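Here the structure is laid out as structure tokens; the discussion comes afterwards.
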Amino acid sequence: MRNLHNMVRALILRVVDFFYPLFRRFMPLQTFRYAACGGFNTCLDITLFFVSYNFILAKQPVHLPFLTIGPHIAAFLIGFCVTFPIGFYLSRYVVFQETSVAKREQLGKYFMVVLGCLFLNYGFLKLFVDVFKWYPTPSKLLTTVFVVAFSYVSQKNYTFKAVEAQ
């Protein structure tokens, strides 16, 4: 399993770093890696949202025994279930490699930041779709702008903060 992990990580780094020379003048390598990995995960999330909302859920609410979830919220939760583990993997092993924090502790911190992202997603989607009556997919795109900014600052300065040498 470790060999598979090393191969996947090396492949991702080769692909991402191949494009870095085009952006070297504009940002440091770590920021580029975050943008590339986060961009991939964000595109995956938006794609899963669109497919879930329009085709899996067919724009219909999800009725559970104890509550009903709107289709835009259910679609967002479906995407989250896929992108949470992928995002943690990419952040830990591709973007923020220099950290000395234990994986379990990072996972807990990552989950706390992602929980904040969940609340932001939920709040903005409820605001844009239910209050402003905007279409769900453009609302998700705009929500993503706010959530990505919060996520980057939080992950860099809290979850994967590099421990400075004494």
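The values are calculated or read from the model by the stated rules, or taken from the named source; none is laboratory data. Computed from a predicted model, the values in this text were never measured in an experiment. As a convention, Cβ positions derive from the backbone with ideal geometry for all residues, glycine included, and neighbour counts pool all protein chains shown.
Note on segment 4-30: residues that are of a type outside the set (A, V, I, L, M, F, W, C), assigned to a helix (DSSP H, G or I) and either touching a Pro at 6+ places or on another chain (Cβ under 8 Å) or loosely packed, with under 11 Cβ neighbours inside 10 Å (or both) total 2. Candidates are the residues of segment 107-122 that are closer than 13 Å to Lys156 by Cβ and not charged (D, E, K, R); the one that is modelled with the highest pLDDT is Val113. Pairing each residue of segment 124-139 that is free of Cβ contacts under 8 Å to residues at least 40 places away in the same chain with any residue that is surrounded by 11 or more Cβ atoms within 10 Å (Cβ to Cβ) and hydroxyl-bearing (Ser, Thr, Tyr), provided the two are 6+ apart or on different chains, yields C-beta distances under 7 Å for Phe124/Thr143; Phe128/Ser139; Phe128/Thr143.
Scan segment 31-47 and tell me whether some residue there is part of a loop (DSSP other than H, G, I, E, B) and either in contact with a Phe, Trp or Tyr (Cβ under 6 Å, 6 or more places away or on another chain) or crowded, with 20+ Cβ neighbours inside 10 Å (or both). No: segment 31-47 contains no residue that is part of a loop (DSSP other than H, G, I, E, B) and either in contact with a Phe, Trp or Tyr (Cβ under 6 Å, 6 or more places away or on another chain) or crowded, with 20+ Cβ neighbours inside 10 Å (or both).
Note on segment 48-65: residues that are among the β-branched types (Val, Ile, Thr) and loosely packed, with under 15 Cβ neighbours inside 10 Å amount to 2.
Of a type in the set (S, T, N, Q), in a loop (DSSP other than H, G, I, E, B) and out of contact with any strand residue (DSSP E or B) (no Cβ under 8 Å at 6 or more places or on another chain), is that true of Gln60? In short, yes.
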